[in-house]
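I have placed the structure first, in the form of structure tokens, so that the comments after it can refer back to it.
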Amino acid sequence: SAESGCDEPSYGQFKNTALGASFDSFGSERYLLTEDNRSLRQIAGQVPYDTILIMVNHQRYGGGGIYNLYCTFTTDNQWHEYLMLHEFGHSFTGLADEYYTSQVAYNDFYPRGIEPVEPNITALLNPAELKWKKLVTPGLEIPTPWEKKEFEAIDLAYQATRQKINEEIARKKREGAPKAEIEKLEAESEQLSLEQSKKVDEFLKKSKYAGKVGAFEGAGYAASGLFRSAVDCIMFTKGKKPYCPVCQEAVRQMINYYCQK
């Protein structure tokens, strides 16, 4: 690329890069995609490939993954390892986002009364035919009660604060505020993110359902009506953690598909 980084439309900043990657995709400040499919395929086509990962040299938190197309992630952010695995889960395996407290650009993404095609979330229209029933922990109730209200009390307040800080950063960048002011806010945002991640990890690890497979309400951007298979997973919260058993099985099946097993 002629310049490092990527476009940040909400900040009024644009870069000359090989793939034209940009934040603010679909109106979400952290969603990072490229629409220059021609350049992407010309570059990727220089060697055989099964999947495409686009690394973006940027400190800002962001990424994106579209099934059977590509995934992106920023490399200079403290969450780069998580971002790579999470977005890869979308692009390689077709996994759904399991979180539901973060702000997204789309509401009611999954129509009510219709079973999602993704392997790791369900509308639980027929509990007896749960798509991951073979992996359910024996004796576990379906749907599975969990500490949902307590989790929401912890996370929703953080999400509101995070949004305010991000809006303030965007405003200052557009107005050309002093670099020191912007960097102070960015550092505050990163520290807040780290502290919140630790708090959430500690809370979920203490859950009586930690490590078990069931059907936990709250998934796919919806607080109700959609269920995920585990209390925590890399598709649910940030951090150094594995895919849950259901997501692991989905990844395994996709690898077997490519290996023609």
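The values are calculated or read from the model by the stated rules, or taken from the named source; none is laboratory data. Predicted model, so just to flag it, every value in this text is computed and none were measured. Here the Cβ positions follow ideal geometry from the backbone for every residue, glycine too, while neighbour counts run over all protein chains shown.
Annotations
- Selected residue (criterion: surrounded by the fewest Cβ atoms within 10 Å (Cβ to Cβ)) from residues of segment 67-117 that are within 23 Å of D232 (Cβ to Cβ), touching a residue at least 40 places away in the same chain (Cβ under 8 Å) and of a type in the set (D, E, K, R): E81
- Among the candidates T51, T72, the residue that is β-branched (V, I, T) and either assigned to a loop (DSSP other than H, G, I, E, B) or out of contact with any Asp or Glu (no Cβ under 9 Å at 6 or more places or on another chain) (or both) is uniquely T51.
- Any chance L19 is more than 26 Å from D201 (Cβ to Cβ), touching a helix residue (DSSP H, G or I) at 6+ places or on another chain (Cβ under 9 Å), outside any helix (DSSP H, G or I) and in contact (Cβ under 8 Å) with a residue 24 or more places away in the chain: yes
- For segment 161-189, a tally of residues being among the charged types (D, E, K, R) and either under 22 Å from M235 (Cβ atoms) or not in a helix (DSSP H, G or I) (or both) returns 1.
- Options D232, D201: the member that is charged (D, E, K, R), in contact with a Leu (Cβ under 6 Å, 6 or more places away or on another chain) and surrounded by 13 or more Cβ atoms within 10 Å (Cβ to Cβ): D232
- Single residue of segment 1-16 satisfying the filter (surrounded by fewer than 14 Cβ atoms within 10 Å (Cβ to Cβ) and assigned to a loop (DSSP other than H, G, I, E, B)) that is farthest from the chain's Cα centre (by Cα): A2
- Evaluation of T137 against the conditions (1) under 25 Å from the mean Cα position of the chain (by Cα); (2) surrounded by 13 or more Cβ atoms within 10 Å (Cβ to Cβ) shows that the sole unmet condition is (1).
- Candidates are the residues of segment 25-39 that are at pLDDT below 95 and of a type in the set (D, E, K, R); the one that is surrounded by the most Cβ atoms within 10 Å (Cβ to Cβ) is E29.
- Comparison of E98, E118 shows that the only residue that is charged (D, E, K, R), within 17 Å of P245 (Cα to Cα) and in contact with a Lys or Arg (Cβ under 8 Å, 6 or more places away or on another chain) is E98.
- Exactly one residue out of D155, D97, D76 is more than 16 Å from the chain's Cα centre (by Cα) and among the acidic types (D, E), and it is D76.
- For A177: the one exception among (1) within 25 Å of E87 (Cβ to Cβ); (2) small (G, A, S); (3) surrounded by fewer than 15 Cβ atoms within 10 Å (Cβ to Cβ): (1)
Listed here are the residues, each with its yes/no results for (1) under 26 Å from E186 (Cα atoms); (2) not in a loop (DSSP other than H, G, I, E, B).
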{"position": "S102", "(1), (2)": "yes, no"}
{"position": "I114", "(1), (2)": "no, no"}
{"position": "L124", "(1), (2)": "no, no"}
{"position": "K131", "(1), (2)": "no, no"}
{"position": "E150", "(1), (2)": "no, yes"}
